[in-house]
Amino acid sequence: MNKMITAAAIAALLAACSAEVPGNIEESGEKVHLSFTASLPMSKVSFDSGGKSQWNSGDAINIFWAGQNKEFTTKDNGGTATFTGVLDETVSSSDYWGLYPYREDASFSDGFVTTVLPSSQKAVAGNYSDNIKIASSSTTDLVFQNVCGALKFRLERKDIRKVTIQSASGTPVAGKIRIGLMGGEPQVTSVVEASDRIEFEPASGTLIAGEWYYIAVLPGVVDDFTISFRTVDKTGTFNLSSYNFKRNKNKVLDCPDRSASWTDSPLFIWEADDVLNASIAAGTIPGAVLSVIKGGQTVYMKAYGNKSVTPSVVPMTLDVVFDMASVTKSVSTTISMMQLVEKGLVDVKATIGTYLSEFDPAEDITVENLLAHNSGFPNYQGYIKAADYAGRPDLLVAYIADSHPRLSKIYRYSCLNFFLCQQIIERVTGQRLCDYAKEHIFQPLGLDDTMYLPAGEEIPEAYKARIAPQLSGSSVRIGKCIDDVAWTVCGGNAGNAGLFTTVADMSVLAKALLAGGQLGGVRVLQPETVRLMATPVAFGRTLGWDNSSTASGVKGNRLSDNLICHTGYSGTFILVDFGNDLAIILFANRCHPSDTGYAALKTDRAKVSNAVAAALLK
């Protein structure tokens, strides 16, 4: 027992209570509070400084019982003060009661009087003349970790009732700080939001002991903050602990040395959250999954909205499988082609007639022209009908060679370029593209959820159940890629589209590219090949990727010039920023429940890129 509270004080309480309120004094760490049980139901309580202790406006007393609590606040600005309040309900005599002053570093050196009023309206008082000191404590079981851009905390044994964040210098912080549960939506609501102070209260009543939570400060906020946690244990014992931390302007907090795992990711890029939640609310997309890679680690991964909204609502999850659409061009066809370049089997400067006999070897269209979309070939819409070449890609190659549909070497994005790249890869290797990419890229990197789904081949039921549905015309497709050339002509094994995967798998691939083509001892490209692939060739296009073409606005305007990115019609987007050691993977199920929102999603991608840059980059 703390010597500040003597046996005489306890005896005084018992005498004053006349056996109607047998009581006791208990401690909690360095905090002292009054706790007792009563023989009569209670409906009113007061707490008086005894005419001597100094109280300030805003000081508070918390009354707690049976897992509930009520706070009374003085309106007296200095001098003596009495807290009196009627409880929301009459509390049973068997309930555990407690009184706790909410003043940090407050000293009640001259004593105070506590009065409880039973439902019989007979006042019972206890008098205490000994010192009661409320001091900051560093002996609690709060555990902190610095994560990228946020403060992560967990209370081991006690639940948290309220978190107060106070600016030390009076800097306005309203709307600039958030707090929530790791790996989920914010679970905490703001109850007070003054210009320099925010108080958060859990919507469920408490932040649960043992769970990890985060505190995130908007980039650009420079200040010292005092964070106070009001906790309660199983007996109702309250505790107040305060900690100080500093958030430097636009400075990335050091990431801890840990394995790359989305389960350990903080939720702090709330500007990106706001963009995607608004996009869902506007009907642009039903849902999305976002992953952010920084410094070789997955620092953020989150699912938003729904995988499907009709015929039933199914929430979006991190393991949802997406149709990559045109991102297939970059992560499958291009990387496969670059491996063949490394092996000396393909020369990007060679004409396509070198590899495809249907074309005249003297024709000046090169493999590089195909990869950079400056061959001059038109896109297939309006040029062919896919149904005329159903299951016969060889006939389509012959038709392209014979019809010479070139419009000179201008930048003209065309799926036919990568359809022809596929034919080159398959003729050089003797393998289907889907088999080559699986054997040489996906399996070595452990990308078990990344695969083509060729027509006529069985899709594992568990995998199929995870695929996001899409609308193609008036029909719903699940496991059938949305592109007509890829599905109708090539049967799902195509160079321009057809790959299915998850955000988690593409996060692994992005890490490998950022690390110079290898990850975990597995190499899929040499560093010099990655640099070649990422070097602009013409019109802002690199080999198989975009860098700064007229279609590159999706990258935003806050990233480096040394990057590659690509989008897919279905709503997919991947960006690898070598200059900032950063990657962004954003997959949205745009083509469900209707094929709309294409232009709006372009803008949203750029906003997300800028939000990530603002949160992570100096």
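Picking from Tyr452, Ile478, Val489, whose Cα lies most toward the positive end of the charge dipole for the stretch 447-492 (charges on Cβ: Lys, Arg +1; Asp, Glu -1)?
Looking along the dipole axis, the top candidate is Ile478.
Can you sort Arg523, Arg154 by 1.4 Å-probe accessible area, starting with the largest?
Result, largest first: Arg523, Arg154.
If the only charges are +1 at each Lys and Arg Cβ and -1 at each Asp and Glu Cβ, what is the size of the charge dipole of the stretch 271-427 around the Cα centre, to the nearest 20 debye?
180 debye
Once neighbouring chains are kept in place and the probe is 1.4 Å, which whole percent of the accessible area of the stretch 344-434 is contributed by carbon and sulfur?
51 percent
Multiplying the sequence separation of Thr354 and Thr310 by 0.36 nm and subtracting their Cα-Cα distance, what value in nm do you get?
Full extension of this stretch gives 10.9 nm more.
What is the calculated FRET efficiency for His404 to Ala462, with r their C-beta to C-beta distance and R₀ = 35 Å, to the nearest 0.05?
Working from the Cβ atoms, E equals 0.15.
By per-residue mean of other Cβ atoms within 10 Å, what is the highest-first order of 410-423, 388-401?
Top of the packing list down: 410-423, 388-401.
In the stretch 518-582, carbon and sulfur make up what percent of the accessible area (probe 1.4 Å)?
Roughly 49 percent, rounded to a whole number.
Could you check the spin-label model distance between Asp196 and Asp435? Points 7 Å from the Cα along Cα→Cβ, value in nm.
Inter-label distance under the simple model: 7.2 nm.
Select from the stretch 406-501 those GluC sites (Glu not before Pro) which occupy a DSSP coil region and have at most 11 other Cβ atoms within 10 Å, ordered by residue number.
Glu458
Relative to the present Cα-Cα distance, how much length would full extension add between Ala174 and Asn557 at 0.36 nm per residue of separation?
Here the segment from Ala174 to Asn557 would lengthen by 135.2 nm.
Can you pull the one-decimal nm distance between simple spin-label points at Val428 and Val476, each 7 Å off the Cα toward Cβ?
Once both label points are built, they end up 4.2 nm from each other.
State, to one decimal in nm, how far the label point of Ala278 lies from the label point of Asp388, with both points 7 Å from Cα in the Cβ direction.
4.5 nm
Could you tell me which of the pairs Lys294/Lys409; Lys343/Lys385; Lys329/Lys607; Lys307/Lys329; Lys302/Lys464; Lys349/Lys602 are separated by over 27 angstrom between their Cα atoms in the structure shown?
Where the Cα-Cα span goes over 27 Å, the pairs concerned are Lys294/Lys409; Lys343/Lys385; Lys349/Lys602.
The values are calculated or read from the model by the stated rules, or taken from the named source; none is laboratory data. Small disclaimer: the values here were computed from a predicted structure and weren't measured. A quick note on method: Cβ atoms are made from the backbone with ideal geometry, for glycine too, and the neighbour counts reach across all protein chains shown. The protein model used for the area step is the full one, side chains on, heavy atoms only, and it has no ligands, DNA or RNA in it. Shrake-Rupley method; radii C 1.70, N 1.55, O 1.52, S 1.80 Å.
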